[in-house]
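**Q** Quick one: the structure is below, and I'll ask about it shortly.
The values are calculated or read from the model by the stated rules, or taken from the named source; none is laboratory data. Note that this is a predicted model, so its numbers are computed, not measured. Don't worry about glycine lacking a Cβ; one is built from the backbone with ideal geometry, like all the others, and counts go over all protein chains shown.
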Amino acid sequence: MGNVSTVPKESPLRRVLGSFLVPYIIMLVVEGMPLLYLELAVGQRMRQGSIGAWRTVSPYLSGVGVASVVVSFFLCMYYNVVNAWAFWYLFHSFQDPLPWSVCPLNGNRTGYIEECEKASSTQYFWYRKTLNISPSIQESGAVQWEPALCLILAWLVVYLCILRGTESTGRVVYFTALLPYCVLIIYLVRGLTLHGATNGLAYMFTPKMEQLANPKAWINAATQIFFSLGLGFGSLIAFASYNEPSNNCQKHAIIVSIINSSTSIFASIVTFSIYGFKATFNYESCLNKVILLLTNSFDLEDGFLTANNLEQVKDYLASAYPSKYSEVFPQIKNCSLETELETAVQGTGLAFIVYTEAIKNMEVSQLWSVLYFFMLLLLGIGSMLGNTAAILTPLTDSKVISSYLPKEAISGLVCLANCAIGMLFTMEAGSYWFDIFNDYAATLSLLLIVLAETVAVCYLYGLSRFESDLKAMTGRALNWYWKAMWGGVSPLLIISLFIFYLSDYISTGTLRYQAWDAAQGQLVTKDYPPHALAVIGLLVAASTMCIPLGALGTLITRRLKRGDTAPVA
Amino acid sequence: MILRCSLSTLTPRTRVSLYSVLATPWIPRTSSSGYTLGRSTPPALPFLAEPDLEKPQRSGRSLRISGGNRPVFLRNLHPAFYSTCNNLHCTWDSFECIGLHGQDAENAFKVRLSIRTALGDKAYAWDANEEYLFKAMVAFSMRKVPNRETTEISHVLLCNVTQRVSFWFVVTDPSRNHTLPAVEVQSAIRMNRNRINNAFFLNDQTLEFLRIPSTLAPPTDPSVPIWIIIFGVIFCIVLVATMLLIISGIRQHRRKNKGPSEMEDSEDKCENVITIENGIPCDPLDMKGGHINDAFVTEDERLTPL
């Protein structure tokens, strides 16, 4: 169980609000479990990393393994930057007050810095102090030394864990997989006792029937399952190849997916209680601002206006002093708890902002901040271990490389190369490039890879042949459910997901991104410049083209060999 | 709403005319909020009948400005306006001060207190004594300015006190003809802001002087940022652990490499032992290398035995 439990877990950063429970559970049963079982079985049977395993299944499929490695390589490149940011926040959590809870003062100390006033202090700390973000992706700026240092540290920690190979990684993963549970439990207790947490929980559990009809909810649930289980990266195959052949991977697949999903649901309870707290806090401060504005404009008695009588007093003032009220009216914001709860959470940057904003309002915020970022680091490092294992196992499997260099040197070189490339993400425009990688490096390619895997095992290798292999290996017969899923339902599901994503990309026209405007203190939408679009195309093509190119390559070599052997025969 | 104006700014001439009109009594009335309201009916002066907050009104020799945008002060008044004043207070429901515009109005500042927000249950009521304390604090602040050491409490005028508890104040010079320039008052208040806040148990946010920005507390920046210290500690720990692992890995490698060669050495030793221990001394050919020329075969050996 130790090696298999190293499912690279996506931390509760990609949460989808709304009634995702129903599509989530259905997608888990229909798509998650069968595909997980398939990958584990393939790894355990072939006893090689992803490249070797797929080459054994069928020589035309060596491209699938290479595509997995390429996707894992992209993921390694950019994912450790999240850990670097988590380290940055962790180191800054040991101050009183927390640096993102107060705005820094301006030059003559009469007020706060303008950018911080317009945005909030947490946004200012994220966009200005952490990222030092530039206004657009074209202006790259220089490498920021603070995030660069944190990135070097993050890669050092990863190197320390993978230094001795996957056997030692297994021991580390016990730590990185179990400790977040402790922190989650602590946060659960704290989160449920926060003021306003019930609002968030009520929002999470009220099913919104109209959202179920929206295909977006199902698509998001399917993508979430995909990424949280880590399908298609090759890390599962790599880890399963170290298992005993008689290992009961079916039981493990079911257990792992159930544990993974219940962890996700558990984490989302914590998340939603914290969202509820944050939303309630923001709602109440919005109300207080309106109350203060009205009290000051009309010189009402201090304490007279409360949240309960606000509407009545507003109506009275509108009727009694119409001209003055109309002057003040544009500044009065409409505060609503619903809009606060519905602020969608997407992207790692927004998650950093949302959680830190909630934490800064808790008592003893340093403790909660340290705990939270420690948990985030554990989850992130755990994911990184899976990704690097996916790259390293094929490298160490190949006789060519491992004969020249020892294991430690190969790991060191991989870490060094990724660290050097990762410096790109610490530049001023680095966050925009990070978003590009985050959105496009993995999504389409993974769908295609998993589709190719399922089709290959079922139809190229032969479902009956695989079934007999498994029976010989584990001693158990294959349930009809798995056969039905592998053969029919899962490939269809993946094809429909794929078509949906493609049509989504095509229908939106040019791709857009959110850029931070320092003057306004908010995000603005801009179009990607041509070179960024080229990079996106390259990312998607680099991994997806491996599959047909691999098949083509094998075809050509076979033809050449047949040509060579023909005259002899 | 209670209006309190200090009458000490009056010149002796107007004061005389004031006392001559002080005949009409006024009846205090308590409002629901606990403040004492005073509403008096002046002798049939139509333009004093109803305070209209919306429209500016012209009355007598001065302009009454509404809405509290700019304060106005008692100066050169129509005597009738004083009909409701006694020795110390003018009380008039929603009455604004009437007076000068221009420079004097520029030198006045609005103050806003949020006592209930700051103190909650322990909030005190804002009454004449609190105003006296406020005037004392302002006078104290002005006394710290060079050339203004002779500022008295009576030189500070408060006006237009509202339920919010907000009011305007201005500081006059000893001759009581001019108001002190805004810059002086501003710098004096800024210097002593902390003392003024503490006198009222308030802070910069709950005792606001509009147009007087407060100096915010400087950030306590340590010489070395804390995060670098923690980063250094963790970096060193990870580096040391990595070095240890690498070195132990290299040692293991060396031990593995030495292992097979050590095995060979021991085999040689065994052979030597065997040759010595064995009764039959069978020396390996190497030992005899150079001693026996194997190319030369003895006669006996060439011929095979029958």
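**Q** Please return the ranges of helices (runs of 4 or more DSSP H) entirely within the stretch A:62-146 where 2 or more residues are touching a residue at least 60 places away in the same chain (Cβ under 8 Å) and within 11 Å of chain B (Cβ to nearest Cβ).
**A** Working: elements: A:62-91, A:114-118, A:121-124.
It comes to A:62-91.
**Q** Tell me whether the stretch A:216-226 contains one or more residues that are free of Cβ contacts under 8 Å to residues at least 12 places away in the same chain, surrounded by 22 or more Cβ atoms within 10 Å (Cβ to Cβ) and in a helix (DSSP H, G or I). Spell out the reasoning first.
**A** Initial filter on the stretch A:216-226 (free of Cβ contacts under 8 Å to residues at least 12 places away in the same chain): A:216.
Those still in the list that are surrounded by 22 or more Cβ atoms within 10 Å (Cβ to Cβ) too: none.
No, because not a single residue in the stretch A:216-226 is free of Cβ contacts under 8 Å to residues at least 12 places away in the same chain, surrounded by 22 or more Cβ atoms within 10 Å (Cβ to Cβ) and in a helix (DSSP H, G or I).
**Q** Do any helices (runs of 4 or more DSSP H) lying entirely in the stretch A:356-436 carry at least 1 residues that are at pLDDT 90 or above, and which ones are they? Full working, then the answer.
**A** Working: elements: A:365-397, A:399-404, A:407-422.
In the stretch A:356-436, the matching helices (runs of 4 or more DSSP H) lie at A:365-397, A:407-422.
**Q** Let me ask something else about it. Filter the stretch B:207-221 down to residues that are assigned to a loop (DSSP other than H, G, I, E, B) and more than 9 Å from chain A (Cβ to nearest Cβ) and give me whichever is farthest from B:Asn192 (Cα to Cα). Break it down into steps so the answer makes sense when it comes.
**A** Going residue by residue through the stretch B:207-221, those that are assigned to a loop (DSSP other than H, G, I, E, B) are B:210-221.
Cutting the leftovers down to more than 9 Å from chain A (Cβ to nearest Cβ) gives us B:210-212, B:220-221.
On the way: B:Leu210: 16, B:Arg211: 16, B:Ile212: 12, B:Thr220: 21, B:Asp221: 25 Å.
The selected residue is B:Asp221.
**Q** Hey, among A:Leu40, A:Leu36, A:Leu61, A:Leu75, which residue is among the hydrophobic types (A, V, I, L, M, F, W, C) and touching a His at 6+ places or on another chain (Cβ under 8 Å)? Reasoning before the result, please.
**A** On the way: A:Leu36 fails: touching a His at 6+ places or on another chain (Cβ under 8 Å); A:Leu61 fails: touching a His at 6+ places or on another chain (Cβ under 8 Å); A:Leu75 fails: touching a His at 6+ places or on another chain (Cβ under 8 Å).
None of the others qualify; the one that does is A:Leu40.
**Q** Is there any pair linking a residue in the stretch A:397-419 that is touching a residue at least 60 places away in the same chain (Cβ under 8 Å) to one that is aromatic (Phe, Trp, Tyr), with Cβ under 6 Å and at least six apart or on different chains, and which?
**A** A:Cys415/A:Trp155; A:Cys415/A:Tyr159; A:Cys419/A:Trp155
**Q** A follow-up question, please. Specify the residue that is surrounded by the fewest Cβ atoms within 10 Å (Cβ to Cβ); the eligible residues are those in the stretch A:487-513 that are in contact with a Ser or Thr (Cβ under 6 Å, 6 or more places away or on another chain) and modelled with pLDDT of 85 or more. Reasoning before the result, please.
**A** Looking only at the stretch A:487-513, we keep the residues that are in contact with a Ser or Thr (Cβ under 6 Å, 6 or more places away or on another chain), and these are A:490-491, A:512.
Filter once more, so that each one left must be modelled with pLDDT of 85 or more: A:490-491.
Working: A:Ser490: 24, A:Pro491: 19.
The extreme case among them is A:Pro491.
**Q** On to the next question. Any residue in the stretch A:506-527 that is of a type in the set (Val, Ile, Thr) sitting within a Cβ distance under 8 Å of a residue that is exposed (fewer than 12 other Cβ atoms within 10 Å of the Cβ)? List the pairs, counting only those 6 or more apart or interchain.
**A** Matching pairs, first to second residue: A:Thr525/A:Arg512.
**Q** Answer with yes or no whether A:Tyr181 is under 21 Å from the mean Cα position of the chain (by Cα) and of a type outside the set (Val, Ile, Thr).
**A** Values: under 21 Å from the mean Cα position of the chain (by Cα): yes; of a type outside the set (Val, Ile, Thr): yes.
So A:Tyr181 passes the test.
**Q** Turning to a different aspect of this structure: Name the one entry in B:Val165, B:Val161, B:Val156, B:Val170 that is touching a Phe, Trp or Tyr at 6+ places or on another chain (Cβ under 8 Å), crowded, with 17+ Cβ neighbours inside 10 Å, at pLDDT below 90 and facing chain A (nearest Cβ under 9 Å).
**A** Values: B:Val161 fails: facing chain A (nearest Cβ under 9 Å); B:Val156 fails: facing chain A (nearest Cβ under 9 Å); B:Val170 fails: facing chain A (nearest Cβ under 9 Å).
Result of the check over B:Val165, B:Val161, B:Val156, B:Val170: B:Val165.
**Q** Considering only residues that are modelled with pLDDT of 85 or more and touching a Lys or Arg at 6+ places or on another chain (Cβ under 6 Å), which ones fall in the stretch A:287-310?
**A** Of everything in the stretch A:287-310, nothing turns out to be modelled with pLDDT of 85 or more and touching a Lys or Arg at 6+ places or on another chain (Cβ under 6 Å).
**Q** On to the next question. Any residue at all in the stretch A:75-94 that is over 30 Å from A:Gln366 (Cβ atoms) and surrounded by fewer than 22 Cβ atoms within 10 Å (Cβ to Cβ)?
**A** Narrowing the stretch A:75-94 to residues over 30 Å from A:Gln366 (Cβ atoms): A:75-77.
Filter again for surrounded by fewer than 22 Cβ atoms within 10 Å (Cβ to Cβ), leaving A:77.
Looking for residues that are over 30 Å from A:Gln366 (Cβ atoms) and surrounded by fewer than 22 Cβ atoms within 10 Å (Cβ to Cβ), one finds at least one in the stretch A:75-94, hence yes.
**Q** Moving on to the next point. Taking the stated definitions as given, is A:Ala238 within 25 Å of A:Leu446 (Cα to Cα) and buried (at least 23 other Cβ atoms within 10 Å of the Cβ)? Write out each step before concluding.
**A** Values: within 25 Å of A:Leu446 (Cα to Cα): yes; buried (at least 23 other Cβ atoms within 10 Å of the Cβ): yes.
Yes: the conditions hold for A:Ala238.
**Q** Name the single residue that is nearest to A:Ser50 (Cα to Cα) among those in the stretch A:443-461 being in a helix (DSSP H, G or I) and not aliphatic (A, V, I, L, M). Step through it out loud before you land on a result.
**A** Here is the first cut: in the stretch A:443-461, the ones in a helix (DSSP H, G or I) are A:443-460.
So of that shortlist, the ones also not aliphatic (A, V, I, L, M) come out as A:443, A:445, A:453-454, A:458-459.
On the way: A:Thr443: 19, A:Ser445: 15, A:Glu453: 11, A:Thr454: 14, A:Cys458: 17, A:Tyr459: 19 Å.
Taking the candidates together, the pick is A:Glu453.
**Q** Residue by residue through the stretch A:377-415, note down the ones that are within 15 Å of A:Ala154 (Cβ to Cβ), hydrophobic (A, V, I, L, M, F, W, C) and in contact with a Phe, Trp or Tyr (Cβ under 8 Å, 6 or more places away or on another chain).
**A** Those that are within 15 Å of A:Ala154 (Cβ to Cβ), hydrophobic (A, V, I, L, M, F, W, C) and in contact with a Phe, Trp or Tyr (Cβ under 8 Å, 6 or more places away or on another chain): A:Leu377, A:Leu378, A:Met384, A:Cys415.
**Q** Ok, one more. Residues A:Leu178, A:Leu149: which one is outside any loop (DSSP other than H, G, I, E, B), more than 14 Å from chain B (Cβ to nearest Cβ) and of a type in the set (A, V, I, L, M, F, W, C)?
**A** Values: A:Leu149 fails: more than 14 Å from chain B (Cβ to nearest Cβ).
Testing whether each residue is outside any loop (DSSP other than H, G, I, E, B), more than 14 Å from chain B (Cβ to nearest Cβ) and of a type in the set (A, V, I, L, M, F, W, C) leaves just A:Leu178.
**Q** What do you reckon, is B:Ala241 within 10 Å of another protein chain (Cβ to nearest Cβ), surrounded by fewer than 16 Cβ atoms within 10 Å (Cβ to Cβ) and either modelled with pLDDT of 90 or more or more than 30 Å from A:Val370 (Cβ to Cβ) (or both)?
**A** Working: within 10 Å of another protein chain (Cβ to nearest Cβ): yes; surrounded by fewer than 16 Cβ atoms within 10 Å (Cβ to Cβ): yes; either modelled with pLDDT of 90 or more or more than 30 Å from A:Val370 (Cβ to Cβ) (or both): yes.
Considered against the rule, which asks whether it is within 10 Å of another protein chain (Cβ to nearest Cβ), surrounded by fewer than 16 Cβ atoms within 10 Å (Cβ to Cβ) and either modelled with pLDDT of 90 or more or more than 30 Å from A:Val370 (Cβ to Cβ) (or both), B:Ala241 comes out as yes.
**Q** In addition: Those residues that are buried (at least 20 other Cβ atoms within 10 Å of the Cβ) and more than 14 Å from chain B (Cβ to nearest Cβ), I need them from the stretch A:397-434; list them, please.
**A** Those that are buried (at least 20 other Cβ atoms within 10 Å of the Cβ) and more than 14 Å from chain B (Cβ to nearest Cβ): A:Val414, A:Asn418, A:Gly422, A:Phe425, A:Thr426, A:Met427, A:Ala429, A:Gly430, A:Ser431, A:Tyr432, A:Phe434.
**Q** Let me ask another. Taking B:Arg195 as meeting all but one of (1) in a loop (DSSP other than H, G, I, E, B); (2) more than 10 Å from chain A (Cβ to nearest Cβ), write down the number of the exception.
**A** Unmet for B:Arg195, out of (1) in a loop (DSSP other than H, G, I, E, B); (2) more than 10 Å from chain A (Cβ to nearest Cβ): (1).
**Q** Tell me which residues, restricted to the stretch B:110-134, are surrounded by fewer than 20 Cβ atoms within 10 Å (Cβ to Cβ), touching a helix residue (DSSP H, G or I) at 6+ places or on another chain (Cβ under 9 Å) and away from chain A (no Cβ under 14 Å).
**A** B:Tyr132, B:Leu133
**Q** Tell me which helices (runs of 4 or more DSSP H) are completely within the stretch A:467-569 and hold 2 or more residues being among the aliphatic types (A, V, I, L, M), or say none if there are none.
**A** Details: elements: A:480-484, A:490-507, A:530-544, A:546-568.
Ranges flagged: A:490-507, A:530-544, A:546-568.
**Q** List the helices (runs of 4 or more DSSP H) inside the stretch A:275-345, counting only whole elements, that have at least 2 residues being within 14 Å of chain B (Cβ to nearest Cβ), within 21 Å of B:Ser166 (Cα to Cα) and in contact with a helix residue (DSSP H, G or I) (Cβ under 9 Å, 6 or more places away or on another chain).
**A** Numbers: elements: A:310-320, A:322-328, A:337-341.
Output list reads A:310-320, A:322-328.
**Q** Of everything in the stretch A:124-166 that's under 20 Å from the mean Cα position of the chain (by Cα) and farther than 18 Å from B:Thr242 by Cβ, which residue is surrounded by the fewest Cβ atoms within 10 Å (Cβ to Cβ)?
**A** Across the stretch A:124-166, the extreme among qualifying residues is A:Tyr127.
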